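Comments concern the structure below.
The values are calculated or read from the model by the stated rules, or taken from the named source; none is laboratory data. None of the values given here were measured: they were computed from a predicted structure. Using ideal geometry, Cβ is built from the backbone for each residue, glycine included, and neighbour counts are taken over all protein chains shown. We work out accessible area using only protein heavy atoms, side chains counted, and drop any ligands, DNA or RNA first. Shrake-Rupley method; radii C 1.70, N 1.55, O 1.52, S 1.80 Å.
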Amino acid sequence: MGKGFMQSLPSLAISLVILLLTFVAARFAVKIADRITGRTQIRADLKQLLDTIVRLVIWIIGLLIAATVAIPSFTPAGAFAGLGVGALAIGFAFQDIFENFLAGILIMLRDKMNIGDVIECEKIQGRVERITLRETHVRQLSNELTVMPNSMLFKNPVKILTDATIRRSEIIVGISYDSDLDHAEAIIRGALDGIEAIHKERPILVVAQEFNSSSVDFLVQWWADSQPRDLRITKSEVVKAVKRALDEAGIEIPFPYVTNTFKEPLPLDRAPRPDDDRRAA
């Protein structure tokens, strides 16, 4: 065994040199790929996918050559032939890993959900920071980082909140029943016309929605920038402007009213006062 080991040392040394050259070749090839893709309009996640594929192909070739040099009986054809049963066992053992790997490739290849988009999936809402072949990093709006398996994003519906530059938002405004609804609609519409953050090229919708328990509800819809922070600020401006305009017009935004109805007349008695007790004494 010792003599065999000593005889194989030159082959092992050559294999190590081949692995070192493979490492250098992989880094050099990735730099060339980055330089080529840098001149194009390819998305950042597709650049990562291309770098990974280039690195993976070079390492597979380098490992096969190194194994052939280190083990003379080893041949690439024999290795691929022996992958039949082994691939089946590995597939069952690493099913989730392969699933996320394939899902990551498909996510990177599709046009939607790029790095920088704000998405919502399975009650997780945040900005996409990084897409790898196994997982996606989502920075939530409260600044927590969530690492989501790619299979979750591939199997479940994903809302891309920033796919367009503007988004529609809405509020419900309740008006008292004794108010003139046409006049209230004009007041609300005028309040929204004075807000600069609202996109005026899109229509502002103010319609009577339903008869509520204490008010007639108006649905108010407008269009604004799709970034979450912009939406919240614009909605705050809309609420304050509508409240201010209705107050100035003397139109009530009612509290919930409760009316108690009794089928039989109820006797009404005056509650005794402390002075009455002293007088009786």
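Some points to look at:
- Options 197, 208, 186: the member that is of a type in the set (A, V, I, L, M), in a strand (DSSP E or B) and open to solvent by 20 Å² or more (accessible area, probe 1.4 Å): 208
- Options 25, 44: the member that is over 15 Å from residue 108 (Cβ atoms) and surrounded by 13 or more Cβ atoms within 10 Å (Cβ to Cβ): 25
- The C-beta contact set for region 125-145 (first residue within 19 Å of residue 157 (Cα to Cα), second residue of a type in the set (S, T, N, Q) and open to solvent by 50 Å² or more (accessible area, probe 1.4 Å), distance under 6 angstrom, 6+ apart or interchain) comprises 126/140.
- With respect to being touching a strand residue (DSSP E or B) at 6+ places or on another chain (Cβ under 8 Å), without any contact (Cβ under 8 Å) to a residue 60 or more places away in the chain and not β-branched (Val, Ile, Thr), residue 202 fits the description.
- Scan of region 244-255 for residues that are closer than 21 Å to residue 170 by Cα and open to solvent by 100 Å² or more (accessible area, probe 1.4 Å), ordered by number: 244, 255
- Scope region 173-218; condition basic (Lys, Arg) and either modelled with pLDDT of 95 or more or farther than 18 Å from residue 250 by Cα (or both); matching residues: 200, 202
- Residues satisfying the stated conditions in region 126-143, i.e. in contact with a Leu (Cβ under 9 Å, 6 or more places away or on another chain) and open to solvent by 20 Å² or more (accessible area, probe 1.4 Å): 127, 129, 133, 137, 139
- Any hit, region 255-266, residues being in contact (Cβ under 8 Å) with a residue 12 or more places away in the chain and in contact with a helix residue (DSSP H, G or I) (Cβ under 9 Å, 6 or more places away or on another chain): no
- Tally, over region 234-254, of residues that are part of a helix (DSSP H, G or I) and in contact (Cβ under 8 Å) with a residue 12 or more places away in the chain: 10
- Residue in region 136-158 that is among the aromatic types (Phe, Trp, Tyr) and farther than 20 Å from residue 219 by Cβ present: yes
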